[in-house]
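Student: Have a look at the structure that comes next, please.
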Amino acid sequence: MTEETKKWRLIIERNVKASWGLAVDELLANFVSKEESAPLLHIYTFLPSVIVGRYQNMEAAVNLSECRRLGIDYNRRHTGGGTVLMGADQLALGFAIPLSHPRMESSMRGSFELLGGIICRSLRRIGIKANFQDKNDLKARGRKIAGMAASLEEKQVFFFHMSLLIDFDLPLMLKVLKISPYKSPERGLSCFSRRLTTIREQGIKTSFAEIAEIIEQSFAEEFGIKWKEREFTVSQKKKINDLRKRRYESLDWLFRVRSPGTWKVCVERKTSGGLLQVYLTIARGIIENLLISGDFFSTQEEVARVESALRWTRARRNNVKRALQKVMEDGKTIYRLDVSTLTDIIMEGVESC
């Protein structure tokens with residue numbers, strides 16, 4: 001049975017626990033790849049939760065004591081990007097599709113723009129003009145209304161993730177996210193108010209169900225398909241529950257990225273690919289150890305390959321650049337990050353030692 005003759009799968013859920021929603025996100029591409037499932041769209045909302053990106057430091061990004069006091073969950077997703085507060089008024093979306101589909105683009109950027117364009121058209125249908133900006137944002141009137149992420153962990157299957165702000169509780173976000181110590185809560189609130197907007201703030205009164213239906217229609221029109229709405233299969237539910245227990249309910253996963261306090265230097269730089277933090281130790285002019293974290297997009301294997309290539313490299317610009325050129329493809333290995341920029345960041349750290 002060809003892709004065109006199969007009905008694509010649509011699953012809608014409300015108020016899911018963070019560990020469930022994140023396990024589903026990680027497995028969608030696996031279901032499409034290993035089970036030869038038709039492309040699958042999952043639209044859902046979380047119970048109140050703070051979610052950090054794969055390469056972020058949980059303790060540095062989240063006020064854990066306040067989350068526990070307020071009964072707000074916290075977890076780590078398997079894709080990159082920054083910290084988000086999710087709940088009943090934030091629509092989450094996961095979509096898995098083979099890269100071989102004729103409508104998919106050959107590049108990460110092209111696929112982002114294709115799928116981001118579907119969300120933009122959905123928003124226009126309710127009267128909001130949104131545009132794709134920066135590395136992964138959709139903005140309305142210059143303010144972020146949706147964030148997107150992607151993964152190619154499952155070879156040949158593209159996973160797209162999006163969170164859309166129907167409404168938002170900014171004071172709560174300021175309580176559970178760690179704000180720069182140089183900003184007062186009032187200044188922090190003002191800063192986020194200028195950067196973020198929501199569907200309801202744009203004067204549109206709509207519900208999760210209404211916007212979910214519009215998004216379904218937009219995807220169907222873009223790809224020329226019909227949806228087969230159903231639940232996950234029994235075997236898929238077992239896989240989801242196994243993964244959520246093994247990973248997303250594991251403290252090792254939640255706190256897997258830590259600031260290595262015994263290391264000599266950390267360089268933090270905002271790049272076109274996102275926030276990048278590089279931890280370094282230099283011994284006798286050699287890079288003895290290195291760790292890369294931040295809110296960028298890549299795969300675990302690619303990041304590990306870059307880190308491995310730099311260990312035991314002589315801490316000179318030409319040596320660092322040559323090592324990176326062997327393992328990095330500009331803009332692809334780490335999305336929108338080139339060899340020269342990463343070399344500059346590493347050398348800044350070297351010179352600080």
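Student: Please state which one of 259, 193, 250 is within 30 Å of residue 338 (Cβ to Cβ) and either at pLDDT below 95 or in the same structural domain as residue 115 (by TED's automatic domain parsing) (or both).
Tutor: On inspection, the qualifying residue turns out to be 259.
Student: Among the candidates 115, 138, 85, which residue alone is out of contact with any Lys or Arg (no Cβ under 9 Å at 6 or more places or on another chain) and part of a strand (DSSP E or B)?
Tutor: Within the list 115, 138, 85, the selection yields 85.
The rows are residues; the columns are (1) over 24 Å from residue 256 (Cβ atoms); (2) not in a loop (DSSP other than H, G, I, E, B).
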| position | (1), (2) |
| --- | --- |
| 33 | yes, yes |
| 54 | no, no |
| 60 | no, yes |
| 81 | no, no |
| 92 | no, yes |
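Student: Okay, next question. Checking residue 327 against (1) buried (at least 19 other Cβ atoms within 10 Å of the Cβ); (2) over 17 Å from residue 277 (Cα atoms), which single condition isn't satisfied?
Tutor: Of (1) buried (at least 19 other Cβ atoms within 10 Å of the Cβ); (2) over 17 Å from residue 277 (Cα atoms), only one is false for residue 327: (1).
Student: In addition: Kindly establish whether residue 38 is part of a loop (DSSP other than H, G, I, E, B) and not assigned by TED's automatic domain parsing to the domain that holds residue 291.
Tutor: yes
Student: Would region 65-75 turn up any residue that is over 16 Å from residue 146 (Cα atoms) and modelled with pLDDT under 90?
Tutor: no
The values are calculated or read from the model by the stated rules, or taken from the named source; none is laboratory data. Note that the structure is predicted; figures quoted are calculated from it, not measured. Cβ coordinates were reconstructed from backbone atoms using ideal geometry, including for glycine residues, and neighbour counts include every protein chain displayed.
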